[in-house]
Amino acid sequence: MSRLPDLVITNARTRNREIVDIAITDGVITAIGSRLETGAQSFVDAKGCLVTPAFVNPHLHLCKVWTLPMMSEAALEAYQGGGMSEAARAVDLAAVVKSKYDASWIVPNARRAVALAALHGNLHIRAFADVDTKARLEGVKSLLAIREEFRGIVDIQVVAFPQDGLLREPGADGLMRKAMALGADVVGGIPWIEADERDMRRHIDFCFDLAAEHGADVSMLLDDVGDSDMRTLDMMARAVIARGIEGRALAHHCRAMALYPENYLRELTVLLEKARISVVSNPHNGPLHARVKELLGADINVCLGQDDISDAYYPFGRNNMLEVAFLASHLLWMTGKSEFETLYDMITTRAATAMNLERYGLGLGCTANLVILDQGDVTEALRFHAPPRVVISHGRVVDTERMRALAQAAPGD
């Protein structure tokens, strides 16, 4: 006699408007069909509302959440003002908080942010932790602890991130090696912050060498400044191709792209396609952003990230990827029905591709990380950008009341 499913979702509306039942056993989707004739350990009635794979956030500076009250707004003003020409100065101004880095407050702040993610059905996060002589390894250790605390609820990839550079921050290279040895999942980089092109290339080479040692992917913040001559995305793409690691590097921000001439942008998209580089854009927290529509038109994979939650670069944020897509709809002028579908892809399937998530989706054999919304289609889901009615992680219904309590805890609790 075959084993009964652990959970069956009934009356689920898929994105192609079909009404189906979804059976889940041992955390995996084992059957999908109209009116499955099966018993189960438990049932959840979707009531004809939209059911999709869970949301994905490929870019969050999790070690910095809720640090804005710890500093002046000078960094925020420098980052967002002057056509982003002073972005490097903003990074230096924001670094002041790192002298206070301590797990005693990083862990509870990060816990609140990840609980918010679970509450909003955001079950996959690529989380950046600053690594330098000021932050030391406090952020990495804190995020590794949070990764374990939320294992089975929210899947977290910890990124060792040299925010202040490698060549301009002596000692950061050794700390990056230690961070990866401690168990960080992804090698981060920010080559544009270095002093000149030679150091930018050395930064990129170091990151790829370190990633190769650990069999890790790479996430780099590139050209995050209002300078049309900045070309670190180009440098990274060429390095990926030269090393034969297509699909293993993720590009974040790429804001200088907004200023690139059209002929160079066309050349760049050819490089990105060849290197299979995905681009994460966060248009809500800076006056410049990657040329999302042009990239999509060139068949480059583009997704959206939250990036920041109440830190030196952005005062809002709540790990709600539907909210991020809602904001992007306005900022990118993606307001047609087909564009709404693309925006939803950019916080689900496209973001999962960017993070190289395995067994992601709504299909047989996929891990059962799902959301049941209160709306019947993508347009209404974006309109209200409300928390899902039910969140399912690894085949189990998430205790959203517990997540709400964690998310409402006072900073530092």
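Tabulated data for the structure shown
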quantity	calculated
Check on Ala127, touching a helix residue (DSSP H, G or I) at 6+ places or on another chain (Cβ under 7 Å), at pLDDT 95 or above, crowded, with 20+ Cβ neighbours inside 10 Å and of a type in the set (A, V, I, L, M)	yes
Every residue from the stretch 52-86 that is surrounded by fewer than 23 Cβ atoms within 10 Å (Cβ to Cβ), among the aliphatic types (A, V, I, L, M) and not in a helix (DSSP H, G or I)	Met71
Criterion: crowded, with 20+ Cβ neighbours inside 10 Å, out of contact with any Lys or Arg (no Cβ under 7 Å at 6 or more places or on another chain) and among the aliphatic types (A, V, I, L, M) - qualifying residue of Leu295, Leu288	Leu295
Yes/no for Asp102 being in contact (Cβ under 8 Å) with a residue 40 or more places away in the chain and either under 30 Å from Thr133 (Cα atoms) or touching an Asp or Glu at 6+ places or on another chain (Cβ under 9 Å) (or both)	no
Residue list for the stretch 3-42, restricted to those being surrounded by fewer than 15 Cβ atoms within 10 Å (Cβ to Cβ) and among the basic types (Lys, Arg)	Arg3, Arg17, Arg35
Residue within the stretch 214-225 that is without any contact (Cβ under 8 Å) to a residue 12 or more places away in the chain, part of a loop (DSSP other than H, G, I, E, B), over 18 Å from Ser278 (Cα atoms) and in the same structural domain as Ala251 (by TED's automatic domain parsing) present	yes
Matching residues, the stretch 363-405, being under 17 Å from Leu7 (Cβ atoms) and either among the polar types (S, T, N, Q) or surrounded by 21 or more Cβ atoms within 10 Å (Cβ to Cβ) (or both)	Thr367, Ala368, Asn369, Leu370, Val371, Ile372, Pro388, Val391, Ile392, Ser393, Val398, Thr400
Filter result for the condition that a residue is surrounded by fewer than 18 Cβ atoms within 10 Å (Cβ to Cβ), outside any helix (DSSP H, G or I) and modelled with pLDDT of 95 or more, over Glu358, Glu339	Glu358
Test result for Gln408, of a type outside the set (A, V, I, L, M), surrounded by fewer than 22 Cβ atoms within 10 Å (Cβ to Cβ) and more than 20 Å from Arg15 (Cα to Cα)	yes
Set Asp217, Asp299, Asp229: member being at pLDDT 95 or above, of a type outside the set (Val, Ile, Thr) and touching a strand residue (DSSP E or B) at 6+ places or on another chain (Cβ under 6 Å)	Asp217
Yes/no for Ile241 being in a loop (DSSP other than H, G, I, E, B), among the β-branched types (Val, Ile, Thr), out of contact with any Cys (no Cβ under 7 Å at 6 or more places or on another chain) and free of Cβ contacts under 8 Å to residues at least 60 places away in the same chain	no
Unique match (being over 19 Å from the mean Cα position of the chain (by Cα) and either more than 19 Å from Gly188 (Cβ to Cβ) or surrounded by fewer than 23 Cβ atoms within 10 Å (Cβ to Cβ) (or both)) among Gly152, Gly165	Gly165
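Here's the yes/no breakdown for (1) surrounded by fewer than 17 Cβ atoms within 10 Å (Cβ to Cβ); (2) among the small types (Gly, Ala, Ser); (3) within 21 Å of Val158 (Cβ to Cβ):
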residue	(1), (2), (3)
Phe206	no, no, yes
Asp209	yes, no, yes
Ala242	yes, yes, no
Ile245	no, no, yes
Arg248	no, no, yes
Cys254	no, no, no
Glu267	yes, no, no
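One line per residue, one yes/no per condition, for (1) in the same structural domain as Ala115 (by TED's automatic domain parsing); (2) under 19 Å from the mean Cα position of the chain (by Cα):
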site: Tyr313; (1), (2): yes, yes
site: Phe316; (1), (2): yes, yes
site: Val371; (1), (2): no, yes
site: Glu380; (1), (2): no, no
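The values are calculated or read from the model by the stated rules, or taken from the named source; none is laboratory data. These numbers were taken from a predicted model, which means no experiment stands behind them. Here the Cβ is made from the backbone with ideal geometry for all residues, glycine too, and neighbour counts use every protein chain on show.
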